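Visitor: Mind looking over this structure? Questions follow.
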Amino acid sequence: LQLTSGQMMSPTGITLGNGTTYAAANTLDDYEEGTWSGSLAGTSNPNTTQTITGTYVKVGRLVTLTCEQWSLDATGASGQVSIVGLPFTNGSTGIGASVAAHGTASLSRNIYSQYSSRSDVMPRVAAGTNTAAFYCNYLDSSNYTPVPYIGGSMSNGVIGFTITYPTT
């Protein structure tokens with residue numbers, strides 16, 4: 001343990017626990033903050049010319065991404081609203097390959113088709129990918145469906161989301 005210029009540093013990490021036993025699994029030895037850039041995309045026509053930027057905090061294998069982007073131009077994009085190029089691949093493991101991380105999101109009406117029966121837009125990062133695909137819940141059921149672009153001119157759009165998932 002070193003104390004330099006008022007900062008405490010522990011090159012091998014900080015171990016959490018009861019103070020009498022050591023457990024490598026309880027050692028906090030990886031913390032990182034940064035920014036990332038990806039691209040707004042669609043499943044039918046990607047339109048990857050629109051850059052999306054955000055921030056992340058990674059503690060151990062768990063990463064939380066945030067993004068709030070204004071003045072987006074998604075003109076020409078079609079299919080499902082998605083963002084490609086997240087900074088970390090989803091390392092979820094479990095039964096089957098469909099293990100995914102979910103988060104919260106907000107999309108403006110001039111980016112996606114919003115119907116009166118829809119609410120709860122959310123991003124989803126499937127296991128083994130670094131792409132956030134957006135889904136919407138019908139108010140009258142528990143089904144989530146892909147969020148489609150509205151088509152045509154989609155300038156001055158807004159997108160914001162937060163998602164947490166394990167990395168590889």
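Visitor: When you count, for each residue, the other Cβ atoms within 10 Å and take the mean per peptide, how do 162-168, 86-92, 66-72 rank with the highest first?
Guide: 86-92, 162-168, 66-72
Visitor: So how do 29-35, 77-83, 50-56, 120-126 stack up, highest first, on mean other-Cβ count within 10 Å?
Guide: Result, highest mean Cβ count within 10 Å first: 77-83, 120-126, 50-56, 29-35.
Visitor: OK, next. Quick one: which residues, 5 or more positions from Q50 or on another chain, have an amide H under 5 Å from its amide H? H modelled 1.01 Å from N in the peptide plane, none for Pro or chain starts.
Guide: L40
The numbers here are math on the coordinates, done by the rules we state, and not lab data. A quick note: this is a predicted structure, and the numbers were derived from the prediction, not measured. Note: ideal-geometry Cβ built from the backbone for every residue, glycine included; neighbour counts use all protein chains shown.
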